[in-house]
Structures are given as C-alpha cells and as structure tokens.
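The values are calculated or read from the model by the stated rules, or taken from the named source; none is laboratory data. Model, not experiment: these values are computed from the prediction. Here the Cβ positions follow ideal geometry from the backbone for every residue, glycine too, while neighbour counts run over all protein chains shown. Areas reflect the complete protein model, heavy atoms only, side chains present, ligands, DNA and RNA absent. Shrake-Rupley method; radii C 1.70, N 1.55, O 1.52, S 1.80 Å.
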Amino acid sequence: MKKYGRTYHLPSSPGAASDDKIMRSTIGLQVDDIVVTEKMDGENTTIHSFGCHARSPDSRYHPSRDWLKAFAAGISPLLSEDERIVGENLYARHSIAYNALPSFFLGFAWIVGDVIQPWDDTLGRFAELGVVSVPTLHRGPYRPDLFEDLALGLNIETQEGFVARVVNAFSENEMPQCMGKYVREGHVQSESHWMKTELIPNKMA
C-alpha cells in the first residue's frame, strides 16, 4: 500500500493551515493545457488491486468507510498490482453538506507505478471501471488571472475550492510543481474533527 502524495497549496490559496505546504511558484502550471477540478470536501482514499485505504494506509476503522469498501470490492479485481485509483470518499459530511452527489466516491487520479496518468486517459480508465470523476471547472491554457477568477466564482456554501494540474502525465515526485490546490478562507467551520462527531451521511442524487 502506498500513501498518496501531498497536494501543495497554490500561493494564492487563503485556506492553507500552518502545517500545509505551499507551492514556491506556479511556473509548472503555466502550460498550454491544464485542467482545474472542484476540490471535494471528503476523505482522500486510494483503491488498489487488493482493497482500499484512506490517505494513511494504517488508518483505523470508521463506519463512514463501509460504503467505500463495498464499492472498492467491485473495482479492485479489475486493477493490476501497480494501478491505483485515487479520489474522495464523500459518504460522511465534513464541513459541506452534499445533497445530490452522483456517487459517494469521486475520482481524481489514476496512477500506474509512480506516474500520475494523463487526464484524458484517466477519464477513460474511470469510464471502464464505473468511477465518476470530480467536476471539471476549467480545461484549457493557463492565463495569469485564471485562479483568481475561479476563486471569485466559488459558491462558499457548497464548494471548498479547486485543484489545478497539468493535463499530461507526471511522476508523483513532480506533484509539488505540476498540481496545486486552492482552499477558500474559513472552509472548516468546526473545531472538532469530523471523525469525532456524529456521522451524518451526505446524499446522492
């Protein structure tokens, strides 16, 4: 089992906490083709050929992971040993209440070996496996005011932020240069961690 790498905050992200990593520069994202997807308010989860795990492979049991384990059981046999599908487990409500999700698991990465696969190939693999992807907010060339415009367009009641990445493949070691996230200010509304509070399920459409 391999832990999914950390996504650094974009320099303009106001939601970075004291222990978060921030990109030194967005030069790696200043290319002709990037995709920006919605950052969902869930638990980072990896599905692999012999099961699934939350971002930390040694994470303890929590009832919010039961649905995901059953979902992963239908996908794991279709994966090779070096394949990983990474996404958000959205079964439990964190800070945002979702009332019309297409699935409780929304994928955002397909990794083979240590390479994060091209975005278009990722969507193709998701389609083969029956995985729904996170919503796309932008696809096209980088421009200097892109992230600021996307931030202004966020619905603060229903959206946490967004993640930008290059469309082409890149290694996991290149994540700090090839992808970055924006989290809006004041996203976390409670001082108690969601795993220590009452489990409130989100809703699917």
Spelling it out for residue 109: with amide H atoms placed in the peptide plane at 1.01 Å from N, the residues 5 or more places away or on another chain with amide H under 5 Å from its amide H are 86
I'd like the accessible area for residue 55: 1.4 Å probe, protein heavy atoms, all chains in place, Å² to the nearest 10. 80
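To the nearest 20 debye, what charge dipole does region 1-52 have about its Cα centre, counting +1 at the Cβ of each Lys and Arg and -1 at the Cβ of each Asp and Glu? Intermediate results must be reported in sequence, preceding the final value.
Details: 6 positive and 7 negative charges, 60 e Å.
That gives region 1-52 a dipole magnitude of about 280 debye.
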So how far apart, in nm, are the two label points at residue 22 and residue 203 if each is 7 Å from Cα heading toward Cβ? 3.9
Please report the relative contact order for region 1-140, taking Cα pairs under 8 Å with a sequence separation of at least 6, and give it as a percent rounded to a whole number. 26
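Could you put 145, 41 in order of accessible surface area, largest first, with the 1.4 Å probe and the full protein assembly present? Don't skip to the answer; put the middle values down first.
Details: 145 70, 41 10 Å².
I get 145, 41, largest accessible area first.
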Tell me which residues come under 5 Å, amide H to amide H, from residue 89 once H is placed; ignore anything under 5 positions away on its chain. 43, 44, 45
Using only the Cα atoms of region 96-170, what do you get for the radius of gyration and for Dmax, in Å? 14.0, 37
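What size of dipole, in debye to the nearest 20, comes out for the chain about its Cα centre when the only charges are +1 on Lys and Arg C-beta atoms and -1 on Asp and Glu C-beta atoms?
With only Lys, Arg, Asp and Glu charged at Cβ, the dipole is about 400 debye.
Report the Rg/Rh value for region 24-152, based on alpha-carbon coordinates and the Kirkwood definition of Rh. It would help to have the intermediate numbers written out before the result.
Numbers: Rg = 15.7 Å, Rh = 15.9 Å.
In region 24-152, Rg relative to Rh is 0.99.
Please list 22, 96 in order of solvent-accessible area, largest first, computed with a 1.4 Å probe with all protein chains present. Walk me through the numbers before you get to the answer.
Working: 22 85, 96 5 Å².
Largest accessible area first, the list is 22, 96.
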May I ask you to evaluate 6.51 cos²θ - 1.76 cosθ + 1.60, the Karplus curve with θ = phi - 60°, for each residue of region 93-106 and list the ³J(HN,Hα) values in order in whole Hz, giving x for glycine and proline? 6, 9, 9, 10, 8, 9, 10, 8, 6, x, 6, 7, 10, 10
Read phi for every residue in region 142-159 and hand back ³J(HN,Hα) as whole Hz from Karplus 6.51 cos²θ - 1.76 cosθ + 1.60, θ = phi - 60°, with x for Gly and Pro. 6, 9, x, 9, 4, 5, 5, 5, 5, 5, 5, x, 5, 8, 5, 8, 10, 10
Compute the relative contact order of region 72-180 as a whole-number percentage, counting only Cα pairs closer than 8 Å that sit 6 or more residues apart in sequence. 26
Residue-wise, which Karplus ³J(HN,Hα) couplings in Hz belong to region 39-54, taking 6.51 cos²θ - 1.76 cosθ + 1.60, θ = phi - 60°, and x for glycine or proline? 8, 7, 8, x, 10, 4, 9, 10, 9, 9, 5, 10, x, 7, 8, 5
Long-range amide H partners of residue 137, meaning residues 5 or more apart or on another chain whose placed amide H is closer than 5 Å, are 36, 37, 38
Give me the accessible area of residue 69, 1.4 Å probe, in Å² rounded to the nearest 10. 100
Please list 94, 48 in order of solvent-accessible area, largest first, computed with a 1.4 Å probe with all protein chains present. 94, 48
